[in-house]
Amino acid sequence: MQFDSQTTAFIFPGQGSQAVGMGRDLAARYPVAKQTFDEADSIFGFSLSRLMWEGPKETLDETVNTQPALYVHSIAAFRTFSSLSTLRPATVAGHSLGELSALTASGALSFADGLRLVRTRGELMKRAGELNPGGMAAILGVDIPTLDKVCAEASTETEIVQVANDNCPGQVVISGHKSALERAMAGAKAAGAKRALPLPVSIAAHSPLMDSIQQEWNAAVDACAIGGAVIPVVGNVYADIIRTADELRADIKAQMQSRVRWTESVQAMLGSGVQTFVEVGSGDVLSGLIKRIDASASRFLLGNPQDFAALEF
């Protein structure tokens, strides 16, 4: 399989795509991938790679570890591809945390700076969850306008719930205070939802419950060396092409409390001529979402040696 640079987007996964063993085979097969994992271990001063490859799962699933792990695997895979091919995708995008992987792939953010920023993001989100405990729930089978209305009706001045991730038609995640979340889940079922499933998290990501750490996150982003994107980025917040350093900073700052507009982001890429999506890193979550957004789009994975073996260089 060969990619057309004019019609290919590279996409980067977020939390939920991690698994014990992630990246191990890639590092064993490709020296540039091994160097990436070694660099991450050196920056952190502990073996993140061992945790990724050996677990335990419970520790890997802690947000302070999950976020850097996914970032490192994605960039290791991206660097491996770049060492084998001169192709540059038409655009890049990432889901939530994956947007920082996309920024690094775009040339706007160095690997080392990105890794530190990702670690900070995980630490701040963990603290926000401790300061303002909340929750998240997956809602299946209800459209966004209906769910926006349900969330508005379930919210009060002191208890808020809102759409956090517009993943694909029929699959949406809501986030907020637990009591408001419970009301919204009941409201979604009354509005025809097929299922309303609480997620096993105590962090209300992409909601106003992240406000307690917003200023610190803004400062961390501002302190990080971010340049313009060589490869255009489709951001989560505005679901549109962003290139300048100021645009990139604004998007990843706003993302902390704003919904991930993934459906619209994919539609924007399709509208710009993208026909092929390559999921770079761990798992196939985003490929599954894209299949539901537009089944005619081609989808490929790029995270393990067998994925690379299927390509023609």
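The values are calculated or read from the model by the stated rules, or taken from the named source; none is laboratory data. As the structure is a computational prediction, the values presented were derived from the model and not from experiment. A quick note on method: Cβ atoms are made from the backbone with ideal geometry, for glycine too, and the neighbour counts reach across all protein chains shown.
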For A191, all conditions in the list (1) farther than 30 Å from A40 by Cα; (2) buried (at least 22 other Cβ atoms within 10 Å of the Cβ); (3) touching a helix residue (DSSP H, G or I) at 6+ places or on another chain (Cβ under 7 Å); (4) aliphatic (A, V, I, L, M) hold save one; what is the number of the exception?
(2)
Could you please find all residues in region 1-42 being of a type in the set (A, V, I, L, M) and out of contact with any helix residue (DSSP H, G or I) (no Cβ under 6 Å at 6 or more places or on another chain)?
M1, A19, A28
Residue in region 54-65 that is surrounded by 16 or more Cβ atoms within 10 Å (Cβ to Cβ) and over 26 Å from R249 (Cα atoms) present
yes
Test for P232: is it closer than 28 Å to G135 by Cβ and within 18 Å of the chain's Cα centre (by Cα):
no
Report whether or not G235 is assigned by TED's automatic domain parsing to the domain that holds L97, at positive phi and in contact (Cβ under 8 Å) with a residue 12 or more places away in the chain.
no
Just give me the residues in region 145-172 being closer than 16 Å to A191 by Cβ, of a type in the set (A, V, I, L, M, F, W, C) and surrounded by 18 or more Cβ atoms within 10 Å (Cβ to Cβ), in sequence order.
L147, V150, C151, A154, V161, V163, V172
Look through P68, P89 and report the one residue that is crowded, with 17+ Cβ neighbours inside 10 Å and outside any helix (DSSP H, G or I).
P89
When (1) of a type outside the set (K, R); (2) surrounded by 23 or more Cβ atoms within 10 Å (Cβ to Cβ); (3) closer than 13 Å to K34 by Cβ are applied to S83, the one that fails is (2)
Which one of the conditions (1) under 24 Å from D251 (Cα atoms); (2) buried (at least 23 other Cβ atoms within 10 Å of the Cβ) does G107 fail to meet, given that it meets all the rest?
(2)
Over region 225-237, the set of residues over 21 Å from L87 (Cβ atoms) and buried (at least 18 other Cβ atoms within 10 Å of the Cβ) is I226, G235, N236, V237
Taking helices (runs of 4 or more DSSP H) that do not extend beyond region 243-313, which have at least 3 residues that are among the acidic types (D, E) and surrounded by fewer than 23 Cβ atoms within 10 Å (Cβ to Cβ)?
245-254
Got a number for residues in region 240-266 being under 19 Å from W217 (Cα atoms) and acidic (D, E)?
3
Might you let me know whether region 86-98 holds any residue that is within 16 Å of F308 (Cβ to Cβ) and at pLDDT below 95?
yes
Under 8 Å by Cβ, and 6 or more places apart or on different chains, what pairs join a residue from region 276-291 that is assigned by TED's automatic domain parsing to the domain that holds S49 with one that is at pLDDT below 95 and of a type in the set (A, V, I, L, M, F, W, C)?
T276/F3; V278/F3
Go through region 19-34 residue by residue and tally those that are more than 22 Å from the chain's Cα centre (by Cα) and surrounded by fewer than 15 Cβ atoms within 10 Å (Cβ to Cβ).
2
